[in-house]
Amino acid sequence: MKNRMSMGFAGIIMIAILAGCGKEPQVQLDAAKTAIESARTVQADVYLPDEFAAIQDSMNAILVDIELQKSKLFRKFGDEKDRLNHVANMANQAAAGVDARKEEVKQEAQNLLNDIRNVIAENTRLIPRLPRGKEGAQVIEQIKADLSGVEGAVSEAQGLFDNGSFMDALSMVKSAKAKAEGLNSEMKEVLIKARIRF
């Protein structure tokens, strides 16, 4: 009789333990989701895209595993709880790192905006020196049009910068600078071939 009662209590305790392990980690899930949204709010997805993508990938994998555990008779969410805590920590660290990265991007964009203005000024100075030969006039008009496009992009990048969209400004000014430097190299090559000083 005693043995039966002991077995009964042991069974109840075992069921209670399994039920405790089988409870969905809602607290950790909510904390991870909140941390991710907080990171997104401070633009971690913009300024730390690789880190943010890794956080999202981890979260998606955990959600898949949670659904898999929910389909089982004996559920165990211990690993998922630890992983959710880890994701929340990663998201919090990303959020904390945004300001420093944003300042780096801002400084880089400002430096490139300054640099490109020098390249544009030199390009503008070189255009009148280009030889006008047979097709020269047509080539010069194309270079002027390309340079005008670069100036428009720089103006737009400056507007983005002034509005605090530093990453967009950086991306745009990088592209414009590459184009401006390409034009510069092209014009210098023509001038060197024509033996015209620049």
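Considered as a group, the residues in the stretch 151-198 that are part of a helix (DSSP H, G or I), β-branched (Val, Ile, Thr) and touching a residue at least 60 places away in the same chain (Cβ under 8 Å) include one that is farthest from VAL119 (Cα to Cα), and that residue is VAL190. For the stretch 87-141, the set of residues classified as loosely packed, with under 15 Cβ neighbours inside 10 Å and either more than 30 Å from ALA194 (Cα to Cα) or within 19 Å of the chain's Cα centre (by Cα) (or both) consists of ASN89, ALA96, ASP99, ALA100, GLU103, GLU104, GLN107, ASN111, ASN114, listed by residue number. Quick one: what pairs do we get from the stretch 62-76, first residue outside the structural domain of VAL87 (by TED's automatic domain parsing) and modelled with pLDDT under 90, second part of a helix (DSSP H, G or I) and aliphatic (A, V, I, L, M), C-beta under 7 Å, 6+ apart or different chains? Pairs found: none.
Of the listed requirements (1) at pLDDT 95 or above; (2) closer than 30 Å to GLU156 by Cα, ILE127 misses just one: (1). THR124 passes every criterion in (1) free of Cβ contacts under 8 Å to residues at least 12 places away in the same chain; (2) assigned by TED's automatic domain parsing to the domain that holds MET172; (3) in a helix (DSSP H, G or I) apart from (1). When PRO131 is tested against (1) in a helix (DSSP H, G or I); (2) in contact (Cβ under 8 Å) with a residue 40 or more places away in the chain, just one condition goes unmet, and that condition is (1). Within the stretch 104-115, residues that are closer than 18 Å to VAL150 by Cβ reach partners that are of a type in the set (D, E, K, R) and buried (at least 16 other Cβ atoms within 10 Å of the Cβ) with beta carbons closer than 6 Å, at six or more positions or on different chains, in the pairs LEU112/LYS177. When only residues in the stretch 164-198 that are closer than 17 Å to GLN107 by Cβ and of a type in the set (S, T, N, Q) count, which is surrounded by the fewest Cβ atoms within 10 Å (Cβ to Cβ)? Out of the qualifying residues, it is SER171.
The values are calculated or read from the model by the stated rules, or taken from the named source; none is laboratory data. Values in this document were obtained by computation on a predicted structure and should not be read as measured data. Using ideal geometry, Cβ is built from the backbone for each residue, glycine included, and neighbour counts are taken over all protein chains shown.
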